[in-house]
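The values are calculated or read from the model by the stated rules, or taken from the named source; none is laboratory data. This structure is a prediction, so every number in the text was calculated from the model and none was measured. Here the Cβ positions follow ideal geometry from the backbone for every residue, glycine too, while neighbour counts run over all protein chains shown. To get the accessible areas, we keep the full protein, side chains included, count just its heavy atoms, and leave off ligands, DNA and RNA. Shrake-Rupley method; radii C 1.70, N 1.55, O 1.52, S 1.80 Å.
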Amino acid sequence: MRSVLALIVASVTLGGCATAPSGGEGLSGTHWAIVRIDGAAPVAPAKAAMRFDEDRLGANVGCNGIGGEYRVEGGRLIAGPLMATRMFCEGPVWQQEEAVNALLSAAPEISRRGRSMRLTSGGHALDLELKAE
């Protein structure tokens, strides 16, 4: 009986000291190269990147910057409100930027394996590779 009581007391004590997992669940402080947008290579590969800070994300496909708050819930990336610069961009880079904007706004599912990550939702997919720090 004493051991059961001791176990309960220890459990309650340790439970009170535990911290909640970060909203980024392992994404905080990471920088990613965007390698495919809806199956196609980015039009501006040198600029196509995404970064995750503690509670904010930033992305660039080659023209405008996209950013805002984020958290991870149930294996999904919940981002927003998102803001973006609005410079004029033509052609495929604009289409890819619109696809990334739509994807991030649609609570994409996160699939991460090693140094690769895939975000999918709303008919769009974004493939990323972790950049070396």
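Please find the FRET efficiency linking E69 to A107, where r is the Cβ-Cβ separation and R0 is fixed at 22 Å, and quote it to the nearest 0.05.
0.95
Work out from phi, with θ = phi - 60° and the Karplus expression 6.51 cos²θ - 1.76 cosθ + 1.60, the ³J(HN,Hα) of each residue of the stretch 59-68, listed in order in whole Hz, and give x for Gly and Pro.
With the stated coefficients, the stretch 59-68 comes to 9, 8, 9, x, 10, 9, x, 10, x, x Hz.
At q = 0.14, 0.15 Å⁻¹, what base-10 log of I(q)/I(0) does the Debye formula yield for the stretch 38-133 when every alpha carbon is treated as an equal point scatterer in vacuo?
-0.47, -0.55
In nm, give the distance between the simple-model label positions of A33 and E90, each being 7 Å from the Cα along the Cα-to-Cβ direction.
Reported label-point gap for A33 and E90 is 2.9 nm.
Given a 1.4 Å probe, how much area per residue of the stretch 74-131 is accessible, in Å²?
57
Tell me which residues come under 5 Å, amide H to amide H, from R36 once H is placed; ignore anything under 5 positions away on its chain.
Here the answer is D127, since their amide H atoms fall under 5 Å of that of R36.
Sorted by mean Cβ packing within 10 Å, highest first, what order do the peptides 58-64, 36-42 take?
Descending mean neighbour count gives 58-64, 36-42.
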